[in-house]
1. With labels modelled as points extended 7 Å from the Cα through the Cβ direction, what inter-label distance (nm, one decimal) is found for A:Phe91 paired with B:Leu4?
2. What per residue convex hull volume, in Å³, do the alpha-carbon atoms of the protein assembly as shown yield?
3. Could you state how much accessible area is buried at the B-A interface, both sides summed, with a 1.4 Å probe, in Å² to the nearest 100?
4. Could you calculate, for segment B:391-471, the ratio of the Cα radius of gyration to the Kirkwood radius, expressed as Rg to Rh?
5. Hey, with R₀ at 35 Å, roughly what FRET efficiency would B:Ser210 and A:Glu60 work out to, going by the Cβ-Cβ distance, to 0.05?
6. Chymotrypsin sites (Phe, Trp or Tyr not before Pro), restricted to segment A:491-574: which are DSSP loop and have at most 14 other Cβ atoms within 10 Å?
7. Could you tell me what a quarter of the Cα convex hull surface of segment B:555-664 works out to, in nm² with one decimal place?
8. For the protein assembly as shown, which whole-number percentage of the solvent-accessible area (1.4 Å probe, protein heavy atoms only) is attributable to carbon and sulfur atoms?
There are 2 protein chains.
Amino acid sequence: MEELDYLADERKTAQFDVESMKIVWAGSQHVFDVSDRISRLVASDPAFRKDNRTMLSRKELFKNTLRKAAHAWKRIIELRLSEEEASKLRFYVDEPAFTDLHWGMFVPAIKGQGTKEQQEKWLPLAYKMQIIGCYAQTELGHGSNVQGLETTATFDPESDEFVINSPTLTSSKWWPGGLGKVSTHAVVYARLLTDGQDHGVHGFIVQLRSLDDHLPLPGITIGDIGMKFGNGAYNTMDNGVLQFDHVRIPRSQMLMRVSQVTREGKYLQSDVPRQLVYGTMVYVRQTIVADASCALSRAVCIAMRYSAVRRQFGSQNGGPETQVIDYKTQQSRLFPLLATAYAYRFVGEWLKWLYTDVTERLQANDFSTLPEAHACTAGLKSLTTSTTADAIEECRKLCGGHGYLCSSGLPELFAVYVPACTYEGDNTVLLLQVARFLMKTVSQLGSGKQPVGTTAYMGRVEHLMQCRCDVQRAEDWLKPSVVLEAFEARAARMSVACAQNISKMPNPEAGFAELSPDLVEAAVAHCQLIVVSKFIEKLQQDIPGKGVKMQLQVLCSIYALSLLHKHQGDFLSTGSITPKQASLANDQLRSLYAQARPNAIALVDSFNYTDHFLGSVLGRYDGNVYPKLYEEAWKDPLNDSVVPDGYHEYIRPLLKQQLRTARL
Amino acid sequence: MEELDYLADERKTAQFDVESMKIVWAGSQHVFDVSDRISRLVASDPAFRKDNRTMLSRKELFKNTLRKAAHAWKRIIELRLSEEEASKLRFYVDEPAFTDLHWGMFVPAIKGQGTKEQQEKWLPLAYKMQIIGCYAQTELGHGSNVQGLETTATFDPESDEFVINSPTLTSSKWWPGGLGKVSTHAVVYARLLTDGQDHGVHGFIVQLRSLDDHLPLPGITIGDIGMKFGNGAYNTMDNGVLQFDHVRIPRSQMLMRVSQVTREGKYLQSDVPRQLVYGTMVYVRQTIVADASCALSRAVCIAMRYSAVRRQFGSQNGGPETQVIDYKTQQSRLFPLLATAYAYRFVGEWLKWLYTDVTERLQANDFSTLPEAHACTAGLKSLTTSTTADAIEECRKLCGGHGYLCSSGLPELFAVYVPACTYEGDNTVLLLQVARFLMKTVSQLGSGKQPVGTTAYMGRVEHLMQCRCDVQRAEDWLKPSVVLEAFEARAARMSVACAQNISKMPNPEAGFAELSPDLVEAAVAHCQLIVVSKFIEKLQQDIPGKGVKMQLQVLCSIYALSLLHKHQGDFLSTGSITPKQASLANDQLRSLYAQARPNAIALVDSFNYTDHFLGSVLGRYDGNVYPKLYEEAWKDPLNDSVVPDGYHEYIRPLLKQQLRTARL
Ligand SMILES: Cc1cc2nc3c(=O)[nH]c(=O)nc-3n(C[C@H](O)[C@H](O)[C@H](O)COP(=O)(O)OP(=O)(O)OC[C@H]3O[C@@H](n4cnc5c(N)ncnc54)[C@H](O)[C@@H]3O)c2cc1C
Ligand SMILES: Cc1cc2nc3c(=O)[nH]c(=O)nc-3n(C[C@H](O)[C@H](O)[C@H](O)COP(=O)(O)OP(=O)(O)OC[C@H]3O[C@@H](n4cnc5c(N)ncnc54)[C@H](O)[C@@H]3O)c2cc1C
Ligand SMILES: [Ca+2]
């Protein structure tokens, strides 16, 4: 009975080899093997249980996270896990913790901005977690505008030290994860002042807490900034507030790879090019895009399985009702999200390649592709995180009422995911950066300078401004070249239109500001083109496994055509396609949904997520939803007693009309 | 110092009389007075404090809600509040509680579906809260499909009783608010069985708990269904699960206004028309639309004030940075939401009128407008709740990082609001009902039957199918008639196109199902037209107060043109406007933003919300955001101690490399 698979029939209809698709999704056999092994390891260890997370008070929750982090580290050491395995383990533990910032921001900051000596001193300590670090950039008053930070680091030549200070309330560091309760050290960003001169914002390694008793060092005030969105979710993290009252650190703790302060207090630029720092940013954003495909695929997996289990309406002659996955509205909301998950997976993979490419070029002192790589990663970070946040919430709604229960897993997934739209660059601010780069690219088109990488299509702007889409039948929309050209034409025309409109304004800066809402739309069009084109490129590769490529082709078409439908206005207003062609795209979309339908469950099985990782009663692999929903409900602390706490004080007097005399 | 108003400069730039606008927003001087008085009463009573809500455990939270509900009732009695005042008081207490269902569903169900005798017996008990009731319709297995409910009520002629039973796990009642821990009674929906015959779903009054000791009566199992989305939020409500094991109730407890079971077990229809029941639905949905404008305006008020306080980038010569409200991207995201809040307010007001109208007609046995009223309210419920949920989240993002903190108020507002998209009819299911009505309307166009009410425009379908928008300059888009015609043409053409496409299909039912995603889009277009047209109608009235009407005209244009921009694809694909005209609308929109800018803060002040009701540090009236954010942070229980619980067990061993031997 326990072994019954309620989705078995759904799995039988798949027209492709799921095991092969799992490897495509993972990226390689090796990554699949590691992920599979480590995810099972985590799932089978009761210490990593997470189903009670949303019921814990903040303090219990946080202590629980500390326990898991310590246990994870213990297992990593005991099992002698490789770096790759260790990071997968943290991933599958699936709980934001100080370790994310330690490994994901503190260590990379020292690697990227520290000198060789600094790296040799600090990294071994960090690698063994003899110190725990965080990344303290944002302040109460400044986030997006890093150059506006107010914390100061004043060089004191007398003592060869920097004096770190928080001159105002708004200069308090605010938000750094891991800061509030755990970190012993931080990379602190502060304005460097030498001899009364302001050299702008630089990074400094600052010890925050005593390694003996964990108390903040003299002059340092630290706390947690309080509850955040959702229960469980990001509240496992101690995002913190930090103030310095003239705290002294040795000069050697300024991160000096790119610029230095000498013993005499002279400010110097090293011969290491500043741009090197951007390499790290490409790396971090690539991780964020990968995370987007992961969060999105989780939500889609839950909603897809539940949609196959849930039946509502349409029973005929007392037979079973219709599975809600069979309603076209459900498909038109859910299947594009499935396709998007795959699309983001592949663009994430490509970004990994881009990072390697950029790194190699930087090492060879070739900075030519950097601005394009920078714009491209900024845009993809923005696009993928915004879409994913919305998509998780859409998946929750697709589950009807039950999606609103924490046991569905979706509320927590949303709450924990959504700050990705804000951290590492507010998504609107990032799109404005992309737009700025696009305007520059357009303005240089006449100059003979060929646009590179993801903007290469702009080189064909003359063609793209006047080409005509030659779709005549719905099936024509299945041709990759047709789709690509439509997306290129739309993106190019939107950018060019913006550039023209700006040029009509009295001055370009004011024009850019005035037209920024349109510019953001042009940037989105550009980014969507990148994703579409990388999906198409992926399909030009050899992809083994029965029926696998065919399924991916269906998904690629669904991704592109559903975007086209959603942004019809762009395509039509730029004349990139005609209303008739838009309508044909929509017809084609419907038949693609019909093609995807029998494969829907297998396509989410291909993510290879354990029930532990999914953390959702609705998304269970076996589809045995109702008994488990019922079981979960009774675990709520409110059900500890049949008559609730407060009955005698508040309910009984009400019912008995004795409130007047009650003391409340 | 405490009295400083950081937004004073913003308030000075307003070009209209805020006090007059407050009355327009409230609906009348009387409603304004009551709201103003009661909201201050609640705000000044420490018993109604809510700033600690997100930090409480489920049990504490729930007990706290019981206390507030009892206190509210006590105050209502002590102050001899009228029904209107009492309901305002519950509204401003701003915490979901069993009382919502008691007053909002249980009482109306008895009023609407009970006979005169039943009303005389039960309503006095309910009015005094000598019994507390809930509305038990949804089951674990059925929500949207009410006709599929599985709970049975079998008439036993021997004892003149109904036997209420839950034959399966999925027949467990699941979701009813107030059920889990508080209600003594419920209106239970069950399939009526007499003499082996199934008469479909009917309502029954069932006592659930003993009035002596609050224990569930024999044969009844009740519990809470567990944590829901967010902290605080809807977790103050005891949504419950309920199972019946052959529970007997007297025959007199079937709600018999519309159909009856006689002593002999005969099933009869009364001469009261079935349609009467729909009156209640119009009423409930009107409330939901009003709630949407309220939730949306709260979120907009918070984001607007914070956007005027928050400065980021653009400092020149050391001067202050730019207020983020001055960025056009911020305006283009936020101002349309402000306009939408007003638009929904006015359409809500109109729905109140519609309810009265429908009620009067029903009393005069005129059912002719009922289908239209039904479709219209279904559509507006769906449109306003979906938009509002998305808008709250957009407002949260507009506040950058700080919007993610619970102290911003926005996470809880989102979590508590979002189920409105699901309860009282899943929004997609509702739009499909609207679409069905639209298709019927189109099919009858030839027949001479004139479409009524909000579908009256369909009567001019011939004109609308071929009319041409004659906008030539951006300002032409300020003409209400031009805007209205464009929205009518778009809606009519989308409906007609759907009807034509359906007629090409082998059969209409399959065609409707196949094309349902397009039908949903046509339904949305229709509903948006209703909102636009009611806003325009409102402006045809006399509106007193300096500059008030002028501001509302700006908002009306922003509402319509931002919708037009967002749904450009619809307008262009139907040929309702040209690309050039779409672009002119966009130009006009930009200058409308500039006109709204100096009035932005005054326009949210006009909602007249107290800081207590807003519940947001970022939305404070005085704009004194930073010190208060800082103050709130320290209240988190994690800050009770400098060194966190768990340091000795989990952090210290990690830092000291002693994990191997630690017991975790
Ligand atoms: C969960 C979480 C974890 C975090 N972790 C860390 C961490 O570990 N370390 C750390 O240092 N920081 C951290 N942060 C802070 C984060 O990096 C900032 O919140 C983020 O950079 C956004 O900045 P902001 O909050 O100042 O937003 P703001 O810039 O204040 O944004 C407010 C609004 O203004 C708009 N806006 C701002 N500038 C412009 C412009 N020029 N043009 C148009 N519109 C504009 C934005 O689009 C937004 O709508 C974290 C934040 C969160 C939410
Ligand atoms: C906070 C909250 C409070 C509630 N309070 C109460 C209460 O007091 N009393 C009570 O009785 N109930 C209550 N409910 C239950 C609520 O009324 C139902 O959840 C709601 O009616 C939706 O039904 P469902 O959950 O069955 O969704 P489902 O119908 O299962 O929806 C799942 C998906 O299927 C789709 N779908 C379903 N049918 C169709 C169709 N025919 N065509 C196309 N798509 C379809 C939906 O669009 C959705 O995407 C509450 C729910 C919540 C979340
Ligand atoms: Ca569009």
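1. Simple spin-label model gives 4.9 nm for this pair.
2. Expressed per residue, the convex hull around the Cα atoms of the protein assembly as shown is 183 Å³.
3. So the buried area, both faces added, is about 11600 Å².
4. Ratio value, two decimals: 1.25.
5. So the FRET efficiency works out to roughly 0.55.
6. Taking segment A:491-574 and a limit of 14 other Cβ atoms within 10 Å, no loop chymotrypsin sites (Phe, Trp or Tyr not before Pro) are found.
7. 14.6 nm²
8. 52 percent
The values are calculated or read from the model by the stated rules, or taken from the named source; none is laboratory data. Everything numeric here is computed off the predicted structure, so don't read it as measured data. Every residue, glycine among them, receives a Cβ derived from its backbone with ideal geometry; neighbour counts consider all protein chains shown. Note: areas computed on protein heavy atoms with side chains; ligands, DNA, RNA excluded. Shrake-Rupley method; radii C 1.70, N 1.55, O 1.52, S 1.80 Å.
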